[in-house]
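Working notes, beginning with the structure itself.
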Amino acid sequence: MNANPDLKTTPLTVWHRENGAKMVPFAGFEMPVQYEGVLAEHAVVREKVGLFDITHMGEIFVNGPGAGAWLEGLVTNRIGKAVPGKVVYTAMCREDGGVLDDMLIYRLDEEEWMVVCNAANHAKIAAWLEEKKPAEGVVLDDASDRVALIAVQGPDSRELLGRLGALEGRGQDIDALDFYTCFTIDGPGGRWIVSRTGYTGEHGYELYLPNADAQPAWEELLAKGADLGVAPIGLAARDTLRFEVCYCLYGHELGEDITPLEAGIGWAVKLKKDAFVGRDALAAQKAAGVPRRIICLEVTGRGIARQDARVLAGGRDVGYVTSGTFSPTLKKPLALALVERDLPGAKGDEVSWAVDVRGRAIDCEPVDFPFLSARTKGDPRAERNPS
């Protein structure tokens, strides 16, 4: 029975409740925020392997001979030349360049694509796609209620995934997955999509599978990964993990009032491609000079800089904190902030920096981006540079 009938559940909700998860409302779902605790769960993913239930994400399939060209005109990155099996990170913008959502787009076949959007923006993106859909050549199928999503993340994720029965004999396919690629299999209850993607900065994978297959796969991964120290991980640690490697979070570093150029994902904005929604506004902003940028701050005073805290440089208000917390890996309070573009931001600048926390100025200083280098493209146990 649903503890809160106003909230949606996932195929794993009962399992989470029965196994000690602290459940909270999130984007219209009842979701596990933590099990053992944020610090312990964060360490499991950085050092071993963890499982995330992220079924709340939206999955919208786009089919038809005109699907690729149509999607190309809605997103900032190039997707039209992606081959089947390729995954592309991109943003979808309004005409004024504000971000509707950042997302992954999968090319599954010549005429089949999958748009994976954030849970909080699912209804908005589904409505936007429906509004923009051409009269013919494109068919939309919002499968979000039928698709479960499990993330397997951490240095031992490859070892664990290879033990899953449904993937038996597919070891070469797993090994061949480059970052942001995928393949499909016939699972027990229908098609599975296996991708080397994730939101933690660690080597990892994501499994899209029919709802009926979710709990069996989840429990099998936990059982077969016991010797690896596998553990279920909640949304709180997912946030601290993405924060340390400076991945954007919608509603923090991205929003309808923030452009992708300001958010630091300009690499996913291809202004030279054919027209897309928001292109003219973004081109104009780039030509005039992007007015704001995301920077990294280390809090050197006593306190934590939380979202919306004002940032002061030389005593002047220059922006605000988009995300801030204590870094479990680096063991210090850190913050991401959206500030005016033309500010001293290098180490060693003599300008004093602070964040205003409830009327108290707490010392901080700009540091190199990112806080922690992501460990996703090479050997999962490769050395990383935290600076």
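In contact (Cβ under 8 Å) with a residue 12 or more places away in the chain, crowded, with 23+ Cβ neighbours inside 10 Å and not acidic (Asp, Glu): is that true of residue 238 in this structure? Yes; evaluated as a whole, the condition is true for this residue. Scanning the stretch 211-254 for residues that are farther than 30 Å from residue 306 by Cβ and among the acidic types (Asp, Glu) returns 213, 219, 220, 227. Residue 97 meets all of the listed conditions (1) part of a loop (DSSP other than H, G, I, E, B); (2) open to solvent by 70 Å² or more (accessible area, probe 1.4 Å); (3) at pLDDT 95 or above but one, namely (2).
Tell me, which strands (runs of 3 or more DSSP E) wholly within the stretch 1-56 include 1 or more residues that are at pLDDT 95 or above, more than 20 Å from the chain's Cα centre (by Cα) and within 27 Å of residue 145 (Cβ to Cβ)?
Numbers: elements: 22-26, 29-34, 50-53.
Where strands (runs of 3 or more DSSP E) fall fully within the stretch 1-56 and carry at least 1 residues being at pLDDT 95 or above, more than 20 Å from the chain's Cα centre (by Cα) and within 27 Å of residue 145 (Cβ to Cβ), they are 22-26.
Does any residue of the stretch 138-149 turn out to be under 26 Å from residue 264 (Cα atoms) and crowded, with 21+ Cβ neighbours inside 10 Å? No, that holds for no residue.
Would you pick out the residues in the stretch 184-204 that are open to solvent by 30 Å² or more (accessible area, probe 1.4 Å) and over 25 Å from residue 46 (Cβ atoms)? Quick ask: steps written out before the conclusion?
Kept after step one, since they are open to solvent by 30 Å² or more (accessible area, probe 1.4 Å), are these residues of the stretch 184-204: 184, 186, 188-189, 191, 199.
184, 186, 188, 189, 191, listed by residue number.
When the residues of the stretch 208-223 are narrowed to those that are in contact with an Asp or Glu (Cβ under 9 Å, 6 or more places away or on another chain) and either part of a strand (DSSP E or B) or open to solvent by 10 Å² or more (accessible area, probe 1.4 Å) (or both), which ends up farthest from residue 168 (Cα to Cα)? This residue is 211.
Exactly one residue out of 85, 165 is open to solvent by 10 Å² or more (accessible area, probe 1.4 Å), within 24 Å of residue 186 (Cα to Cα), in contact with a strand residue (DSSP E or B) (Cβ under 8 Å, 6 or more places away or on another chain) and of a type in the set (Gly, Ala, Ser), and it is 85. With the requirement that a residue be buried (at least 19 other Cβ atoms within 10 Å of the Cβ) and in contact with a helix residue (DSSP H, G or I) (Cβ under 9 Å, 6 or more places away or on another chain), what does the stretch 312-326 give you? Residues satisfying the conditions are 323, 324, 325. Restricting attention to the stretch 56-79, the residues that are open to solvent by 10 Å² or more (accessible area, probe 1.4 Å) and of a type in the set (Asp, Glu) add up to 1.
Suppose we keep only residues that are part of a loop (DSSP other than H, G, I, E, B) and among the acidic types (Asp, Glu) within the stretch 100-126. Which one would you say is surrounded by the fewest Cβ atoms within 10 Å (Cβ to Cβ)?
Step one: list which residues in the stretch 100-126 are part of a loop (DSSP other than H, G, I, E, B), which gives 110-111, 118.
Remaining after also requiring among the acidic types (Asp, Glu): 110-111.
Values: 110: 11, 111: 17.
The qualifying residue surrounded by the fewest Cβ atoms within 10 Å (Cβ to Cβ) is 110.
Screening residue 171 against (1) open to solvent by 20 Å² or more (accessible area, probe 1.4 Å); (2) modelled with pLDDT of 95 or more leaves a single unmet condition, (2). Annotation note: of 275, 226, the sole residue that is farther than 29 Å from residue 71 by Cβ and open to solvent by 10 Å² or more (accessible area, probe 1.4 Å) is 226.
The values are calculated or read from the model by the stated rules, or taken from the named source; none is laboratory data. Predicted, not measured: the structure shown is a model, and the values here were computed from it. Heads up, the Cβs are rebuilt from the backbone with ideal geometry, glycines too, and the neighbour counts pull from every protein chain shown. Please note that ligands, DNA and RNA were not included when accessible areas were found on the heavy atoms of the full protein model with its side chains. Shrake-Rupley method; radii C 1.70, N 1.55, O 1.52, S 1.80 Å.
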